[in-house]
Every structure is written in structure tokens, then in C-alpha cells.
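Colleague: First the structure, then my questions, so here it is.
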Amino acid sequence: MNTKTLMYIVKRLILAILTIWLVITVTFFVMHAVPGGPFVGEKAVTESVRKAMEAKYGLDKPLFEQYLTYLSEVVTKLDFGPSLKQRGRNVLDIIADGMKTSAMIGIIAAIIALVIGVILGSVAALRRNRIIDRVIMVITTAFVSMPSFIMGTLLLTVFAVRLNLLPANGASKNGLILPIITLSLYPMAYITRLTRSSMLDVLGQDYIRTARAKGVSRAKIIFGHALKNSLIPVITYFGPMLAYIVTGSLVVEQIFAVPGIGRAFVNSITGRDYPLVMGTTIVLAVLIVVMNLVGDILYKIVDPRITLE
Amino acid sequence: MDKKAFSAHVDMEDFIPATDKEKEYMVSMRPSTTFFKDGIKRLKKNKVAVVSFFVILIITLSAIFVPMFWPYSYDQMLGMMPGQPVDNSFLNLTPFKYGKSELSRIEAGEHIVPHIFGTDSQGRDYFIRVVYGTRISLAVGFFASIIVLIIGLTVGSVSGYAGGKTDLIIMRIVDMIYSLPDMLMVILLASVLKLVLENALEGTVLSKIGSNIISLFVVFGLLYWVSMARLIRGQILSLKEQEYVLAARAAGAGGKWVIFKHLIPNCFSVIIISTALQIPSAIFTESYLSFLGLGVNAPMPSLGSLASDALNGLTSYPYRLVIPAIVISLIVLSLNLFGDGLRDAFDPKLNS
């Protein structure tokens, strides 16, 4: 690793930290701009009770002071405060709870997308313009232009309602199969297209011709030379794929009633559970920012020819 | 004349001046073509792009004109007649079925426009709701892209042309917004703006459009302009080093003149292409938000909210989900394919 790469990594790190700070700040002030406090929707409480509750949660202090307290609590202790609606539970506990399911779904979906996407993409590139290539391209084009909630509901209709093969509810183990498939289809289609085009690019390179001229076997060319090099652009999709899976999980978990962090987020917005909204936004945002960072740095290290600003 | 194959002997006949007739033969008249005409020609050759263009055209025209003459409206509950009890026979009709009062009118010889997609749980004609939803989704996509274009173009061209510290500061801000997880921020902002705007808009003209759509536009204006700004800045940076800019400056042209007369027209193709590709992404976002209940205000339909409403009756009426789903996918797909075609036809860098 040369100094230039190091400089790049440092620069990206600073940007990532700034972004996370921006997310915390924006989330905090946006949530506090909501008209009507969190206790407005509840049964009528007297002025003194409301005051007491606000004092308990520190909502009576000046806004900027609240912000500073929040920021230091989050950064130093990862403490997002207590949930306003789920009594006696900390935001961090709720997030950690939901994260178990969501992370499992997300990681499995990502692995499926990666493995199948690379295989299909390579097959399409190696059988360029044959029927199998055409079929793969048509299907992936359709998948790429279908929003995740439509994919999810269609799968739900077909496999859970019509064929009755899998449970529609994501609370059980089997019920997680459909959400995983839903989440993996879009990134899979994307990776397929990415692998295909970069594989085609690599196959046209001089070193492939040289290898062929030397009499290297076809399998060795594909696996030893072409595949390795054509996977580099796929690394760049690392961050965006995770971002897709995180945001996709918001609706997918809603559709299949999966008890994950995505559902907690959506429910906390409708329930005006401020600390929970802020907590989940920040955790998910940090996740996305970090994964983007890792993806970019990996890309830079794997292929040093690439110059990034 | 005796001539050997490799001799340097010159055939003098080749140097006789050409007659006028011969000259005319050499001149091949080709009508002069502009960059735009050239691009259109290339675009027409691209079958996928042409088909997508017509799909978009048909969908757009029917979304605009069908509601004008269709006998039902998107919020008309057919079972509800003023002064009469609700006629339940109009609720949840399957395609091409009629309500009780309509059946008796048909028997009396009247012609009644069929409910092509049936009616929904509140007795509203589903076909017109889909058409109207398409109209809303398309309009949101279009206007959101325009907003993104205007902000991105202004910031990008100023940043690229000014350079130096201005550029540095603007680009750092752009970098930060760019690395924000957009969907999370969109959901957060949309849910909060919805509440904030609801009160602020009451009684104004804007309240008709609905707080949700306006908050959607605000979100787009806040977050999505950054990639457009980056793109245009990059274009301007490379264009402003060109000789013709130098010539214009030497002739005494100011910054405004150079930006509007030289730089922006030259990155026109990039602008058009990325705006065309922005529309499907805006439609995508709108349907996503509508699905989460953060989109258009009821009873106004959008394709996303129709799909989301259909979830409740999924077991009995799956087509109510399938229809808007197909329409969204069709719009997004054909806009994307058309945008790709535009890029292939108009991006001069790809010509080589």
C-alpha cells in the first residue's frame, strides 16, 4: 500500500465520520421539528403529568442542550435512550433484538445474490448471444425494474396464498424463506448484469488471447484468468447492495411480518417513537456508510490501477 | 502505352483536368446534418428504444386523456347515491360485473361502460383508479426530475465554472449528501414533513396537491440533486478549458454569457439523458413511499398506494395487486430502456 492509497483511505474515513455526524444531527433536529410532542396522541393527561413526563425524558431542556447530551450519549455509550412507546425497553435492546433476524436475512440474501449472480453472469458472458444468454438477460432486466414491494407481494401471492407452499408470516424459520428470496432477487439480477459485462470486457483482453495461444485449457482461462478479473467491478456493488438490502428490508419485513429492525423502524415512525426512530436511522445509516467505505477501500486495494479522486 | 507493374512511370492521362461532368460525379450531395438530427437517426435504429418510447407515449397519453371522458371518477363510490342507503352490490365487483342498479338499467336497454378491472372495496371503479394512479405517478416522476435538474444544473455549473474555494466547499457538501443513505433520509423527511406541512398548507392552493406529494418534492430537492450537480460540474470542468471558451473570453464575454451560451448547450446531451433516467427512479421512490403509507393522500391513488391497498384483499382479489404492479414495472422498464437508448444515441463519447 503506498502513501496515495493511505491518503485516500484517511480522506474517506473523515468523510464517513462527517456523514455519520450529519445523519445524527439531521435526524435529531428533524425529529424535533414534528408538531405535537410524543405524548400528544396519548389519552388526555393533565398539564402537570405531561410536564413530569417531559422532565423524565429530558424534553424540557433547551433543544441545543438536548442535542449535545444525545450526541455524547450516542457516541460514547451507544446509548439511544429509552423507547417512548415500549415501556421499560431501551432503544438499543430493541435494535439488537431486531438486528438478529434482519442481519441473518440480509446476509443470506447477499450471499445468494452474489453466488447465483456471478454464476449466471459468467454463463451469460461465455454463451454470449445464445439462447441462454438472452433468457438470462430478459429475466434480469425484468427483475431490475421491479420494486421490491411488488416482488415481495407477488411471491407472497403465488407461493403462500395460491400454492400454499410456504408460510406467509415471517415469524417462523420457514417463513423467512420468501423474504430472503425477495431481497436477493434484485441484487442477484444486478450482479448478473455486472458480471456479464465485465466478463465480456475481460474476455476481449490481450492476455486472454495470449493464454489461449499458449494452449492453456479453457477451464483454466475461465477460472484462473477471466473470472478473477471480472469480479473487480462486483466489489464496487458491495456497498449499494447492502444499502438496497437495508432499505428493501423495510418493506419486505412489513409484507411478511418479519420481526426485524426494518419493521421496528416503520412502526416507530407511525407510532412517533422518537428515540426509536433516531436510533434505528443512525444504526442503519452507520451500517450503510461503513459498508460503502469498506467496498471502496477494498476496490482500491484489489485494483491499484484505479485512480480515485 | 507499355507499363511495367512496379515501374515508377507516371500515366499522364491521370493528370488531365477533369471535365465539368466528371466533377459533378465526384460531388456527393448529402444534406447537412446537425448533432441533434444525427442522434435522432441513431435513436430510430435502436428498436428497443423505439418500442419503449411508444409504450411510454401510449401510457402517458392514456393517463392524461382517459380520465377526461371516462364516465366514472377515481373517488366516486358507485354504491353511494345521495339520499339512499349504500348499495352493497357495487363493492368488490370482479372485472366486467355490474352492480344491481346497473343491471336493471342494462335490462332497460341502456348502455353502461363496463368496470374493466371491477371495483374496489369501497365501490370505486378500479380501472379509472389505475389510470389516475398512473397519471399521479408519472407527474410526480416528471416534476421531481425537473426539480432535480434545475438545482443540479445551477449548483453544478456554478461550482464547475467558479472553481477554487467555491468549488471545493460545494463539492464537499455534495460529497456528504451523496454518502447519506438516501432511502432512510427520504422516509424520515417524508414522514416528518408530512406532519409539518399538513398544518402549514391548510387553506392554500397547495393543499389540493396534498402535503405528502409536496414533501416528496422537497425531499427530492434536498437530496437527489447531488449526482446531477456532480455530473454537470465534471462536464463544465472539461469544457471550460476548450479553445472556444478562451476565444469567447478574449472577446470580452462574461461568466453568465459563457455558461449559458457555450457551456450548458455543450453538455445538453448529458443533461437530457440523466434527466430521462431520473424519472423512473423518482417513480420508484414515490411508489415505495406510497407503499409505506407516506405517499399521496387518500382518496387520491398512486400506483404504489394501489398496490399497498391491494395487500388487504390479496387472497380474494390478487389482480388488484398485479395490475398496478405491471404498470409500474412497465413504466420503469421502458423509461430505463429509452434512457439507455438516448445515451447510446446522444453521448458523443461512445461514438468512437
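Colleague: At a cut-off of 20 Å², which residues of region B:279-321 become less accessible once all protein chains are present than in their chain alone, using a 1.4 Å probe?
Modeller: B:284, B:288, B:291, B:292, B:311, B:314, B:315, B:318, B:321
Colleague: State, as an integer percentage, the relative contact order of chain A based on alpha-carbon contacts under 8 Å between residues 6 or more apart. Spell out each step's value before the answer.
Modeller: Details: 334 pairs, mean separation 82.4, N = 309.
In percent, rounded to a whole number, it is 27.
Colleague: Can you give the log10 of the normalised intensity I(q)/I(0) at q = 0.18 Å⁻¹, computed with Debye over equal Cα scatterers of region A:97-268?
Modeller: -1.05
Colleague: Same structure, new question: Taking only the alpha-carbon positions of region A:66-116 and ignoring solvent, what does the Debye formula give for the base-10 log of I(q)/I(0) at q = 0.19, 0.21, 0.27 Å⁻¹?
Modeller: So the normalised log intensities are -0.73, -0.78, -0.96.
Colleague: Relative contact order (percent) for chain B, with alpha-carbon contacts under 8 angstrom and 6 or more residues of separation? Before the final figure, lay out each step's value.
Modeller: Values: 396 pairs, mean separation 77.9, N = 352.
Computed over chain B, the figure is 22 percent.
Colleague: Next up: Given the convex hull of the Cα atoms of chain B, what is a quarter of its surface area in nm²? Before the final figure, lay out each step's value.
Modeller: Details: hull surface 135.5 nm².
Taking a quarter of the hull surface, the average projection is 33.9 nm².
Colleague: Next question. May I ask you to list the chymotrypsin sites (Phe, Trp or Tyr not before Pro) in region B:91-122 that are in a DSSP loop and have at most 11 other Cβ atoms within 10 Å of their Cβ?
Modeller: Details: sites: B:96, B:98, B:117; in loops: B:96, B:98, B:117.
In loop regions of region B:91-122 (DSSP not H, G, I, E or B), the sparsely surrounded chymotrypsin sites (Phe, Trp or Tyr not before Pro) are B:96.
Colleague: If you roll a 1.4 Å probe over chain B with all protein chains in place, what percent of the accessible area is carbon or sulfur? Write out the running numbers ahead of the final one.
Modeller: Numbers: 12640 of 19210 Å².
Accessible surface attributable to carbon and sulfur in chain B totals 66 percent.
Colleague: Here's something else I'd like to know. Counting helices only, and only those DSSP H runs with n ≥ 4, report the 222 nm mean residue ellipticity of the protein assembly as shown as the sum of -39,500 (n - 2.57) divided by its residues, in deg cm²/dmol to the nearest 500. Walk me through the numbers on the way to the answer.
Modeller: On the way: 26 runs with 432 residues, N = 661.
That comes out to -22000 deg cm²/dmol.
Colleague: In addition: Could you tell me which of A:126, A:261, A:166 has its Cα farthest along the dipole of chain A towards the positive end, charges placed at Cβ (Lys, Arg +1; Asp, Glu -1), taken about the Cα centre?
Modeller: The residue sitting most towards the positive pole is A:126.
Colleague: Can you give the local net charge around residue B:143? Use residues other than it whose beta-carbon is closer than 14 angstrom to its beta-carbon, Lys and Arg +1, Asp and Glu -1.
Modeller: Working: positive: B:135; negative: B:286.
Result for the neighbourhood of residue B:143: 0.
Colleague: Now for a separate question. Need one word for chain A: rounded, prolate or oblate. Basis is the Cα gyration tensor (sqrt eigenvalues a ≥ b ≥ c); a/c below 1.5 gives rounded, then a/b vs b/c decides.
Modeller: Working: a/c = 3.55, a/b = 1.69, b/c = 2.10.
Because a/c hits 1.5 or more and a/b fails to exceed b/c, chain A counts as oblate.
Colleague: What number comes out for accessible area per residue over the protein assembly as shown if the probe is 1.4 Å? Units Å², please. Mind showing how you got there, number by number?
Modeller: Values: 34690 Å² over 661 residues.
On a per-residue basis, the protein assembly as shown sits at 52 Å².
Colleague: Please state the charge dipole magnitude for the protein assembly as shown, taken about the Cα centre, from unit charges on C-beta atoms (+1 on K and R, -1 on D and E), reported in debye and rounded to the nearest 20.
Modeller: On the way: 61 positive and 44 negative charges, 312 e Å.
That gives a dipole near 1500 debye.
Colleague: Restricting to DSSP loop positions (anything but H, G, I, E, B) with no more than 13 other Cβ atoms inside 10 Å of their own Cβ, which GluC sites (Glu not before Pro) remain in region B:87-181?
Modeller: On the way: sites: B:102, B:107, B:110; in loops: B:110.
Those satisfying the criteria are B:110.
Colleague: Quick one: grab Rg to one decimal and Dmax as a whole number for the protein assembly as shown, Cα atoms only, in Å.
Modeller: When restricted to the Cα atoms of the protein assembly as shown, Rg and Dmax are 29.8, 121 Å.
Colleague: Still on this structure, I have one more. Quick one: longest stretch of chain A between exposed loop trypsin sites (Lys or Arg not before Pro), exposed meaning at most 10 other C-beta atoms within 10 Å and loop per DSSP?
Modeller: Numbers: sites that count: A:43, A:87, A:173, A:214, A:305.
In short, A:215-304.
Colleague: Using a 1.4 Å probe on protein heavy atoms only, how many Å² of accessible area do B and A hide from each other, summed over both chains and rounded to 100? Before the final figure, lay out each step's value.
Modeller: On the way: alone 20920 and 17120 Å², together 34690 Å².
Counting both chains, the buried surface is close to 3300 Å².
Colleague: State, as an integer percentage, the relative contact order of region A:97-268 based on alpha-carbon contacts under 8 Å between residues 6 or more apart. Spell out each step's value before the answer.
Modeller: On the way: 212 pairs, mean separation 62.0, N = 172.
Averaging sequence separation for qualifying contacts and normalising by length gives 36 percent for region A:97-268.
The values are calculated or read from the model by the stated rules, or taken from the named source; none is laboratory data. Because the structure is predicted, anything quoted here is derived from the model rather than measured. Glycine also receives a Cβ, built like all others from the backbone with ideal geometry; neighbour counts cover every protein chain displayed. Just so you know, the surface numbers come from the protein's heavy atoms only, side chains and all, with ligands and any DNA or RNA stripped out. Shrake-Rupley method; radii C 1.70, N 1.55, O 1.52, S 1.80 Å.
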